[in-house]
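First up is the structure itself, then whatever we jot down about it.
Taken together, the values in this text are just the output of simple stated rules run on the coordinates, not laboratory data. Predicted model, so just to flag it, every value in this text is computed and none were measured. Here the Cβ positions follow ideal geometry from the backbone for every residue, glycine too, while neighbour counts run over all protein chains shown.
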Amino acid sequence: VLLLACDCGFRKIIGVEFAPELHEISTRNVASWERDYRQAGRMETLCMDATEFAIPPVPEVLFFHSPFTGRVMERVLGNVLTSFAAHPRKIMLVFYGNNSQSIDLLKAMKWPCRELALRADWSRFTRFRSLIFTSPDTPGMPAHV
């Protein structure tokens, strides 16, 4: 996902991984990408507990590939909401997964939500859902942001 985001033109991409072995793989992939495409400095990988990650106070896209459940998801979403309350801006949360508990927590935020539909012939291959949540409009924020 980090490499795809870089290829899509995002200026700053941060990946947070809890498992050291997965973080190491991510770090190697980023180093290889930066060397091959001469695009150093746009991606950063962090090995840490996602509940401790400070949400940057800038417009952003947060991607969750069925990452965690329960209390951890509650705390991460709480961090997002706290950051949004302190610095109202456009935030997009993209969730791809099949954990109904996490989906329920996301929907409980009461942010506008769209679900991307799979083509009928793809539905038999996956039960994952793709949901996009966007922060509510805030007074004084341009509609095009």
With only helices counted (DSSP H, runs n ≥ 4, each -39500 (n - 2.57)), the per-residue ellipticity at 222 nm for the chain, to the nearest 500, works out to -11000 deg cm²/dmol
Which of the lysines could be linked to Lys12 by a straight reach, that is with a Cα gap under 26 Å, when you skip same-chain ones fewer than 8 residues away? Lys90
May I have the pair-distance distribution P(r) for the stretch 20-131, computed from all Cα-Cα distances with 5 Å bins from 0 and rounded to whole percent? 2, 10, 16, 19, 18, 16, 13, 6, 1
Using a cut-off of 12 Å between beta-carbons, work out the net charge of the residues near Leu131 (Lys and Arg +1, Asp and Glu -1, Leu131 not included). +1
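Within a Cβ distance under 13 Å of Phe95, other residues only, what is the Lys/Arg minus Asp/Glu net charge?
Working: positive: Lys107, Arg114, Arg129; negative: Asp104, Glu115.
Around Phe95, the surrounding residues sum to +1.
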